[in-house]
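Structure, as structure tokens:
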Amino acid sequence: MNTREHFIPGRHRMLRSTLIATAATLALTSATASDLSAQYTGGSDPVHELPLAWNRWLDHEELGERMELMEETWPEFLTFGSLGESYGGRELWVMTINNPATGPEDEKAAMYIEANVHGNEIQGAEVALYTIWYLMENYDEIDNIRQLVDERVFYIVPTVNPDGRDYFLDEAGSGARTGHVPVDSDGDGLVDEDPPNDLNGNGVIEQIRKYVPGEGNVRPSAKDPRIMEPVPPGQTGDWVILGREGIDDDGDGRVNEDPLGGYDPNRNWGSDWQPDYIQGGSMHYPFELPEARAVNAFLMSHDNIAGVQSFHNSGGMILRGPGAAWQGTYPESDIRVYDELGENGERMLPYYDYLVIWRGLYTVHGGFTDWTNDGIGAVSFSNELWNGGQYFNSPLLQEQQEDPDSPISGDASEYFFDDFLEFGDQYVEWAPFDHPEYGAVEMGGWKKFRGRIPPRFMAMELFHRNMAFTLYHADQMPLMTMGETSVESLGGGVSRVRIEITNERLIPTITARAAENKVVRPDLLTLDGDVEIITAGWVTDLYGGDPVERIEQEELDRIIIRNGHPGRTTRTIEYLVRGSGPVTVTYDAEKGGSASATVQVP
Amino acid sequence: MPNRICGHLAAAVAVMALSFPASGHAQASPYLNFEDLSSELNDLADASDVVELRSLGQSHEGRDIWLLEVGDPDGAPLDERPGVLVVANLEGDHLVGSTLALEMVRYLSDNVASSDVSRALQSQVIYIIPRLNPDGAEAMFADVRSGHRRNLRPQDDDNDGRVDEDGPEDLNGDGLITLMRVPDPAGDYTTDPDDPRVMKLADAAVGEAGEYSLHWEGMDDDGDGFINEDGPGGVDLNRNFQHAYPYWEVDAGPFMVSEPASRALMDFVIANENIGAILTFGLSDNLVTPPDSDGELADPVMLAMDGFADAPYEEIFETGMFGNVATFEYYEQRFRGTQPGRDNEPGSGRRPAVTINEDDLEYYSAVSDAYKEITGIEHVPVHREPEGAFFQYGYFQYGVPSFTTPGWGVAEPQTGEDAPEVDGDAAILASLEAAGSQPFISWSAYEHPVLGRVEIGGFRPGANVNPPPAAVAELGRTHGQFLVRLADMLPDVQIAATDVTSHGGGIYTVEATIVNEGYFPTSTRHGVVSESVDPTIVQIGVPPADLVSGDDKTSRVERLEGSGSRDSFLWVIRGEPGQEVQIRVRAQKGGSAVETVRLP
């Protein structure tokens, strides 16, 4: 354990904090922006203001250090802060991206991006970090990026499970999906008392196999003896797999039955939450976990959040809710929005499918994106960031994988990739071990990075493509503008005022589900001026017989629009007013900003 | 402190208004504001060795949520004993609940010398949370009182961007918020011929015409066309828990367990897994009328007139919902109804239980019988449908026998041929008056500045959920007795017998028999089904390598019935003469025990 200087929110405040730090992190974190800039001496490509490497996995402290560096580099746009603390006392870092010159944060639609709710699903944090970096480096280089940063706000939280992340990266990391709130997994009144153990001290939790001639149920594969395959029915093998490396720590006769934590932090959210026997790992009530509670407090206090993106890591999917079939389907108008975003996402993300969670993945009750869709009213996606097809990513190779005799088909493909492209880095050979309970055994198998996390050399493409999808999503958040205005005097001191109101982008100011659930403040259409409003209505037909849908509300100077303004739509409001002078009409949407127009009534 | 005096005076005035002693006895009201309740609880804790008082947290307005732990400090640590949890006054207007909770504590400390009380306090622990909603309860002592059920979280009830902007007003200055009936040929309501004070829905099919519309007393403060649609508060704490939670309903909170008080309660029960039974005082009932043979609760009975006054609010959320009024749409609408790739089966998922498991019904009936026998309560005047209620969480997710009662009763309505045909609010009114309450404020004329000539009157706030003060002392005593009976029913697991046999060569058979001396099983059947109650563990204290055969080193019993039910275990072990072997039993809801045997 080292006591180290440790960053906390607020640019110039420092806090002493005790963290476990590896030698590797110590070596890297001494670099500063100026050191790195010195590497760049010319050439035609723009020089990065903050040259960061994107080919290694960062633990929680390193993430914080890089965010601090970014804030120092781009202080005009970036505010580095924290949503709160994890169970283990780690800050839930958040970076706010806002250009104050184009308006305060809460008056612009915001995109919330988070990752790593499952501790082992680490690479989303780097996508999040890359997103901040890319937006800032290219603000002055690419017009579309400048416009996006000027129009929108981003809240970016690289890891919402820093305890699990650090356990995965800095320790043996087996079973890092959970958070670290202690749970009695085996019902004996004790918590987390029998985890896996790194018995041989090599930093890897391996598999244990035992040689039991004629009594086993697995055998080494003829294709590659490293593969342990089940024996065919009716035969016996010489080996049994005894599970993960560990001992019976609490002497109850079971091995590894009560590990660290033991729940699913992505089942502790407030929509369709179900008790543990229906949804394993949900804990006792929604937002019981300190991390979920802190994130939700942030979401509920930022009404401008219109888009949400969460990053997971396995399968290659662009997922949306509902998480369970019994929740029914989303309203049709919401599905249209999701489909357009998701289908374009499929075009941006090769190997990814756009899927409904319960139908395409599996049933999830109380998941994060269900809550942000149903309870926050934000259009929400969850991406599964790595697809096994990407290991052999050409049609030719994938055709070859169909051939059972090919060295890249079936389980053998994993060994081939590791042997030839990672130089065997991810595999631990079986080796004898004298186990205190099992006697003579062998231990070996894959290391933790294998399978769900991209090889480092393939990571940056994953970061960029997924970022591009979230930026597209952010760009399609509602954006309210006022269009043409007209004033027509009808005589007798009465005038007809018409104003076009437009939402330029795909997503409505209030989704149909948010309107049903009453979780977003209605849009407000207000009129300020020294006039009396006789009637107000929506213009439905500029040329036909029933020109206006009358608005039957008591306060016509403060019209409530509960289901918001649809995407890519212009509506025209008409007021009949008595009086004269300037009249200002303002459309205010929590998730779409506000827009005003002023007309002169004669 | 001047505030303190003011508070007392206001409380005294309010309680006199609430006081409805039929006999006219001069007596202190049993209904206590926060300060008086706190002082009573402190006095009880100070005077007793078996009562500890602490705060579980604070309400929105900063009032403590008190917890009393009652148990004899000699003996096993309190949190290792089987426990009963009592929670009261979740609904702000249900003041009698907190008084009964207070009187239970008093009963236990006053009777600590009696054998049944001392047995309970030596082998069990009783947790009492007398007032989960102190802010809502305090509103019942304000200068102007409505039947304030929710807490005081500031909340935009009508989702119009303004918070708590249109509460009721005491127009006629009687200190009470009641109803306004407005003569209105378009209204839906008429007087009930059974009792003309009571309003009923006019039934056009039998020739009745509506004569009145009904509203809560007050003005349309924000000018939105609705009267009193967004008053102070809040969240109904007994609709804020996880079973059958009424999602997105305005008084249920933004999400389950959203409130400081509900969270404090949840964190307490999670941390105290020794709680083996729950009793709440609230506005539903499963004690006077236990679940039926299908495991379902009786249909609710509520004041219809309150519902009539709430009915106009249903239109709020229709106002401002607009159809397709676009003058131009920029893109062609598309709809993709199916997904490519995988396609899982819909509807195959397991659903949570919503009825009491049939194996648990007998226990509910037995507890109900005991409750009625001890308290004499045979009928409750009103009770509501539990949705998100804490007692439902207690059974359906925490897995223990869990009960609720309004805590008082009225005479059972007559049935049979001679019985008067009175139903609805008229029947409730009659039963309340027969019980000695003065539950109704007669209609009196009032010139409303907007609505014109109206009449103000209706049920007195709180009168349909609280008994007349004179009845409370006896109810406190009998509920104390019932609590002791309930504690006595908790599972109580012991090691009944052990035996050792030597087979020579260092091989021994060790046998143990456990027994549940309590009445309840170690888990409800639903506790097993929902995996919310740990199996009872029976463990032999030898290294796993010394186990030769027999039962698992750590054996698990899902559910051991009570009333002396037994289960036996046998291990064949390797050991040495003279070696001591420990046998341990742990029942999450039934205590733990250890026996040591010596190998011969």
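Brief remarks on what is shown
- Amide H within-cut-off set for A:Val231, under 5 Å, with H built and near neighbours excluded: A:Val218, A:Arg219
- Cα lying deepest toward the dipole's positive end in the protein assembly as shown, options B:Phe268, B:Asn286, A:Ser580, charges on Cβ: B:Phe268
- Under 13 Å of direct C-alpha separation, and excluding same-chain neighbours fewer than eight residues apart, A:Lys108 reaches these aspartates and glutamates: A:Asp150, A:Glu151, A:Asp303, A:Asp475, A:Asp588, A:Glu590.
- Amide H contacts of B:Ala497 (H built 1.01 Å from N, under 5 Å, at least 5 apart or other chain): B:Thr513
- Of the residues B:Gly207, B:Ile374, B:Leu429, the one whose Cα sits farthest toward the positive end of the charge dipole of chain B, with +1 on the Cβ of Lys and Arg and -1 on the Cβ of Asp and Glu, is B:Ile374.
- Label zone at B:Ser563 (point 7 Å along Cα-to-Cβ), backbone N below 18 Å, segment B:358-383: B:358-371
- Its residue count N fixes a reference of 2.2 N^0.38 Å for chain B, and the Cα radius of gyration divided by that reference is 1.14.
- Estimated distance in nm for a label pair at A:Glu215 and A:Glu332, the labels positioned 7 Å out from Cα along Cα-to-Cβ: 6.6
- DSSP-loop GluC sites (Glu not before Pro) across segment B:250-318, with at most 12 other Cβ within 10 angstrom: B:Glu296
- For chain B, the longest piece that avoids every one of the chymotrypsin sites (Phe, Trp or Tyr not before Pro) found in DSSP loops with at most 13 other C-beta atoms within 10 Å covers B:1-330.
- Relative contact order of segment A:74-230, pairs being alpha-carbon contacts under 8 Å that are 6 or more residues apart, as %: 22
- Kyte-Doolittle mean at least 0.0 and Cα axial length at least 15 Å: DSSP H helices in chain B: B:2-18, B:95-110, B:260-271, B:424-434, B:472-488
- Mean sequence separation of contacting Cα pairs (under 8 Å, at least six apart), scaled by the length of segment A:495-593, corresponds to a relative contact order of 49 percent.
- Mean separation of Cα pairs under 8 Å and 6 or more residues apart, divided by the residue count, gives segment A:312-453 a relative contact order of 25 percent.
- Segment A:359-369 - phi-based ³J(HN,Hα) in whole Hz, Karplus 6.51/-1.76/1.60, Gly and Pro as x: 7, x, 10, 6, 6, 10, 9, x, x, 4, 6
- Given charges at beta-carbon only (K, R positive; D, E negative), |dipole| of segment B:354-440 in Debye: 460
- 3J(HN,Hα) couplings calculated from phi for segment B:313-320 with the Karplus curve 6.51 cos²θ - 1.76 cosθ + 1.60 (θ = phi - 60°) are, in sequence order, 5, 4, 7, 3, 7, 8, 6, x Hz; Gly and Pro show x.
- Positive-end residue, the protein assembly as shown charge dipole about Cα centroid, Cβ charges, pick of B:His448, B:Val500, A:Trp538: B:Val500
- Cβ-Cβ FRET estimate between B:Ser114 and B:Glu433, R0 fixed at 56 Å, reported to 0.05: 0.90
- With each label modelled as a point 7 angstrom along the Cα→C-beta vector, the A:Glu422-B:Thr415 pair spans 7.2 nm.
- Estimated from the Cβ-Cβ distance and a Förster radius of 45 angstrom, the FRET efficiency linking A:Asp45 and B:Asp164 is about 0.20.
- About its Cα centre, segment B:53-205 has a charge dipole of approximately 660 debye under the convention of +1 per Lys or Arg Cβ and -1 per Asp or Glu Cβ, with nothing else charged.
- Spin-label proximity, B:Glu80 to segment B:275-305 - amide N less than 20 Å from point 7 Å beyond Cα toward beta carbon: B:275-277
- Simple point charges give the picture: +1 on the Cβ of Lys and Arg, -1 on the Cβ of Asp and Glu, and for chain A a dipole about the Cα centre of about 1200 debye.
- Entries in A:Lys448/B:Lys589; A:Lys210/B:Lys553; B:Lys553/B:Lys589; A:Lys448/A:Lys591; A:Lys447/B:Lys553 that, when Cα-Cα distance is taken, lie over 30 Å: A:Lys448/B:Lys589; A:Lys448/A:Lys591; A:Lys447/B:Lys553
- Cut-off 16 Å, label 7 Å out along Cα→Cβ of A:Leu490, residues of segment A:572-602 by amide N: A:573-580, A:601-602
- Pairwise FRET efficiency - B:Glu314 versus A:Gln553, Cβ, R0 = 22 Å, nearest 0.05: 0.85
All of the numbers you see were taken from the coordinates with simple rules; none came from a lab. The structure presented is a predicted model; accordingly, all values stated were derived computationally and were not measured. Methodologically, a virtual Cβ is constructed for each residue, glycine included, from the backbone with ideal geometry; neighbour enumeration extends over all protein chains shown.
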